[in-house]
Every structure is written in C-alpha cells, then in structure tokens.
Amino acid sequence: MKKVGIDSLAYYVPSLYVDIEELAKKRSIPAEKLVHGLGLKKMATPDFDEDAASIAANSLYRLISENNINPKEIGRVYLGTESGVDSSKPTSSYVVEILEQVFEDKYGERCFMNCDIVDLTFACAGAVDALQNCCDWVRNGDNRKAVVIASDIAKYELNSSGEYTQGAGSVSMLICENPSIISFNGSWGVSTKGIGDFFKPRRQYKKANILIEAAKILNKEVSQEEAETLLENTQSKFWSDTNDIIEVYKEEPIFEGQFSNESYKARVYEAIEDFNNQNERNILKEWENIVFHLPYAYHGRRMITHKWIEWMEKNGDSENIYSEVGNPKSEIDKEWIKKVSKSSVYKNFVEQKIAPGEKASSEIGNMYTASIFMSLISSLVEALSNGNEFANKKIGFISYGSGSKAKIFEGTVQNNWKDRIGRINLFQNLDSRKKISINIYEQLHKRRVSSNINNNQGIIKLKNIDKGEFTEGLRNYFKY
C-alpha cells in the first residue's frame, strides 16, 4: 500500500486573546475550576474583520508560502468547517478566490483553476472527513496532491456554560504520497448515531410578532390584526418581503453539555472497537501519543479514563491501579473512577501520551474542526522541543463531531518530521498575541466593534460585505 499522509502543514490563530482568569473573575467563577480543572489559560478571539474564510485563507497562504507549493499542482482543496459564511457558496471558494489574487504575480492567473474544492460539515469532525476523503483520492491515483483545511470559530452565548471554551483558528495540510510528517494506514474506526447534543438550527420568527415586539419598545400597542395590515401595505424592502417567517442564523449553538460529553464518550468507545476490529492494537504500548478533538484542553484525559482501565486490564497491569487506590466496590463505582483519574499511575499515562497535545489547546481554546490537528502540531512541537525520537512511532487520533460521529485512526511519524516541525514556532507565536480586556471582548462578541483592533500587516482580512442588488451579502477579502 502507498504511503499517504501529511507532507507539510501550517496554522493560523487570531492575534487577539482573552485571559481566562480575568474572564473567570468577571463571571464570578473560581479560576481554579477553569485553569486547573479544565486546563484553560487563554481564549483566541477573532478580530472585527475575521471569519472562517479569512482564517482558512491565512493558514493556506502560509502553507503554500512556507513550503514553496505550486497551487497548480494541487488537485483538491477540501475544507472542513461548521462556521461557513454562506448556505450555498462554499467557504472554500472564498479562500481560493482571495489566494488566486494573492499568488497571481508568482503563479499566474487562476492558479487554482483545475482544483476541485468543497466544504464538508459534520460539526467538529468535518475536517477529519476531508482528510479521509483526500487520503483515499491521493492513494488511488499517481502523484496526486490535495490540501485539507480545518477552519472554525467556536462562539457561545455570553455567560453560558460554554463561553470559556471558545476559540478560533485554522490548520492547513498538504496530503500526498511519501509524506514528510505522518502517514495514515487507511483504517478508520467509525461510530455514528443521529442525536441533538449540539446543533445550530435556523431559528424562525413570525414577522408580525417581531413588529409587535418592536412596537412595545416604543411604548406602542399593536394588535396581531394591525400588524398584519401594516405588513400587507408597507413599501419597506425589509418588511414587504413575501415570507411571513424570518429565519435567523446564529453562530452560537444550542447544546446540552453533559449529554454531549456522554455522546462523545459513547461514540469514541464504539469507534475504538471498530478500529480494533480492523487492526488490533495494544494502544498503551503501540501509540506513542494520543491526540484528541479537544472542546477544552483536559477533555480527552477526562473522557478516556474508563477505556484506560480496560487497556490496563488487558495488559495485566491492573494491580498497579489497585495497589494505589484499592479495588472498586462495583463496575460503576464513580468515586473509585474519580480516585483512579487522580492516581499517579493515571497521571503518568496522561503526561506521556496526552498532555503534549493539550498544551496548545490551553492557549487557544476550542477550534472545532481544527482542534484535533492543532493537538497533533502541539504533540510534535513538544516532542521536538524535548528531544523525543518520534520517527516510525504511531500516533492515535480520536475525533468527534456532535450530531454525532466519532472516527478513530492512526498515523506513523516519518523520518523527516523534525525538518518540517522545526519550522513551526507555535508557542513563540502564541506568546506574541495581544491581550484584550473583557469589555472589548464582549463588544466584539456582540458585533458592536466597527474597526479592527490589530492591523496585522500581511494578514488576510474581510474587506467588506456587498450591499448591491445582485451582490448583497457577498464577501470580499484583502491581504493587508
């Protein structure tokens, strides 16, 4: 079988961040709960003129520029996102459009002309779906090259239980034969179940009811009949629209945190079994690192405890657990499980296998589709920093998308990984970001800011949104 996988990669994270301890203080939440309990330190926050398309364009721009990739050799650009900027026109088309302009002088007009582009959406698993699809496409041809982009903005309601897990960013990856960083063996464990643990519906409001509520703000009383008559006779472009219903899209999801955590765990455990049915693995011994989709930094370590206990039992190492925390009173002894999660033997497993992938998440927050790939970058950057020899070692990937689906797969680190990863100054760049006050963050969140906070020379930003008769809502981007 051909070796296919990630040859090079690049990322983009907005240059603004919120300090989690300051947010905790503002929300009257014990900082200890967020910092030490969930592993949160900073929360990446998009500027006024950043969206999923501009964030994706920046990571792809860096991927091409830093690795001297000719866009004309790229046969696919597949974008995984749940923060799409249009319900019809793919976000990837905006990305390709701006980069064709940026690279025109170097590579000529329409340098992506023969490139297939598409968006894939399955909550936080969309980019993993894109990766699997592109790996299969590359494997079934000769000398094919594809790019997978993961780009998202995780936004929750202010003062909600998800607010402090927000984040944003993008990762772009070149997929080809004989990759320099990591190859994938072609096995994918999958578990799917249609549920409503987290979703972004089209909220519907009757136009007459909106008019009635607007009148109340003006201390006016308008009956249902009067509202309908007013709407029937108005010449206003907004109010005279023939639809009785106004549909509103909001980036903030409807979610049930505990249900989503349980679903994550259930799908992942089922997908691990499916993966092992394809190729049995002694995960504790064969996976050098495990990278997770991380809704918050410590989510993986908190979710995988039960499975780790099973792995220890299969390896005949359960006595290491019992000697420290004793035996469970029953199969569902929650207090015993909690003791296990705090035991030195479990903490040692976390520090060796999981913690390297958590470090970037602590500094960024949830990146939705890009989260698992940032966890990979974080793991490899930490390995290089610590002098670990990762060549030919296996890394396990645990992904999850609400709605719900989990995919489990593994990659083998390649001999040239150090050269590629050595170019990534991840934590130095994260340290150079600009901290913003809680007040400015809240104004950005409410869309009450009308100019950017960081000019960021060399960064692709949203220029404007058209208001013309045939272009209303169309987005235009510019590289500053």
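Of Ser54, Ser362, Ser151, Ser318, the sequence from fewest to most neighbouring Cβ atoms within 10 angstrom is Ser318, Ser362, Ser54, Ser151. The GluC sites (Glu not before Pro) of segment 277-385 that meet both conditions, a loop assignment by DSSP and at most 11 other Cβ atoms within 10 Å of the site Cβ, are Glu280, Glu331.
In summary, the aspartates and glutamates within cross-link reach of Lys207, defined as a Cα separation below 14 angstrom excluding same-chain residues under 8 places away, comprise Glu225, Glu226, Glu228, Glu232, Asp241, Asp244, Glu247.
Ellipticity at 222 nm from helices only: DSSP H runs of n ≥ 4 in the chain, each -39500 (n - 2.57), divided by the residue count, give -11000 deg cm²/dmol. In sequence order, segment 466-478 has phi-based couplings of 4, 10, x, 4, 10, 10, 4, x, 6, 9, 10, 10, 8 Hz under the Karplus curve 6.51 cos²θ - 1.76 cosθ + 1.60, θ = phi - 60°, and Gly or Pro positions carry x.
Using the Kirkwood radius built from alpha carbon pairs, what does the Stokes-Einstein equation give as D for segment 235-386 at 25 °C and 0.890 mPa s, in µm² per second?
The diffusion coefficient I find is 135 µm²/s.
For His36, the shell of other residues with beta-carbons less than 14 Å away shows a net charge of +3, using +1 for Lys and Arg and -1 for Asp and Glu.
From least to most packed, judged by other beta carbons within 10 angstrom and beginning with the fewest, Thr121, Thr91 follow the order Thr121, Thr91.
In this calculation the C-beta distance from Lys200 to Ser161 is compared with R0 = 22 Å, giving a FRET efficiency of 0.85. Distance between the C-alpha centres of segment 371-411 and segment 1-38: 16 Å, rounded to the whole angstrom. The trypsin sites (Lys or Arg not before Pro) of segment 150-223 that DSSP puts in a loop, and whose beta carbon has at most 15 other beta carbons within 10 Å, are Lys193, Arg202, Lys220. Remark on segment 120-173: Rg and Dmax equal 15.3, 52 Å (Cα only). Database remark: amide H of Tyr477 closer than 5 angstrom to the amide H of Lys463 (H placed geometrically; neighbours at sequence offset of 5 or more, or on other chains; Pro and chain starts carry no H). Listed values (i) 26.2; (ii) 22.2; (iii) 25.1 include one computed from this model; for mean projected area of the Cα convex hull in nm² that value carries the label (i). Global size of segment 1-148: 18.3, 58 Å for Rg and Dmax (C-alpha atoms, Rg to one decimal, Dmax whole). List the pairs from Lys33/Lys359; Lys33/Lys446; Lys106/Lys145; Lys339/Lys359; Lys33/Lys314; Lys307/Lys394 whose alpha-carbon separation is above 28 Å, in the order I gave them. Among Lys33/Lys359; Lys33/Lys446; Lys106/Lys145; Lys339/Lys359; Lys33/Lys314; Lys307/Lys394, the Cα-Cα distance tops 28 Å for Lys33/Lys314.
Kindly state, as a whole number, the per residue volume in cubic angstrom of the convex hull around the alpha carbon atoms of segment 203-248. Working shown, then result.
Values: hull volume 3.4 nm³, N = 46.
Cα convex hull per residue, to the nearest whole number: 74 Å³.
Which shape class applies to segment 157-251: rounded if a/c is under 1.5, otherwise prolate when a/b exceeds b/c and oblate if not, where a ≥ b ≥ c are the square roots of the Cα gyration tensor eigenvalues? Prolate is the answer for segment 157-251, as a/c is 1.5 or above and a/b outweighs b/c. Between Gly365 and Ala44, the built amide H atoms are under 5 Å apart, and every one of these is 5 or more places off in sequence or on another chain.
Going by neighbour counts of Cβ atoms within 10 Å, the residues His36, His306 line up, fewest first, as His36, His306. For a paramagnetic label modelled on Asn279 (point 7 Å from Cα along Cα→Cβ), amide N atoms under 18 Å away belong, within segment 154-179, to 176-179. Given their separation in residues at 0.36 nm each and the Cα-Cα distance between them, Glu21 and Glu247 gain 77.7 nm when the chain is fully extended. Residues whose amide H falls under 5 Å from that of Leu120, counting only those 5 or more places apart or on a different chain, are Leu79, Gly80, Thr81, with hydrogens built in the peptide plane.
What FRET efficiency comes out for Glu389 versus Phe478 if R0 is 35 angstrom and r is the Cβ-Cβ distance? Round to the nearest 0.05. Write out the running numbers ahead of the final one.
On the way: r = 44 Å, r/R0 = 1.26.
The computed FRET efficiency comes out at 0.20.
All of the numbers you see were taken from the coordinates with simple rules; none came from a lab. What you see is a predicted model, and the numbers here were worked out from it, not measured in a lab. Methodologically, a virtual Cβ is constructed for each residue, glycine included, from the backbone with ideal geometry; neighbour enumeration extends over all protein chains shown.
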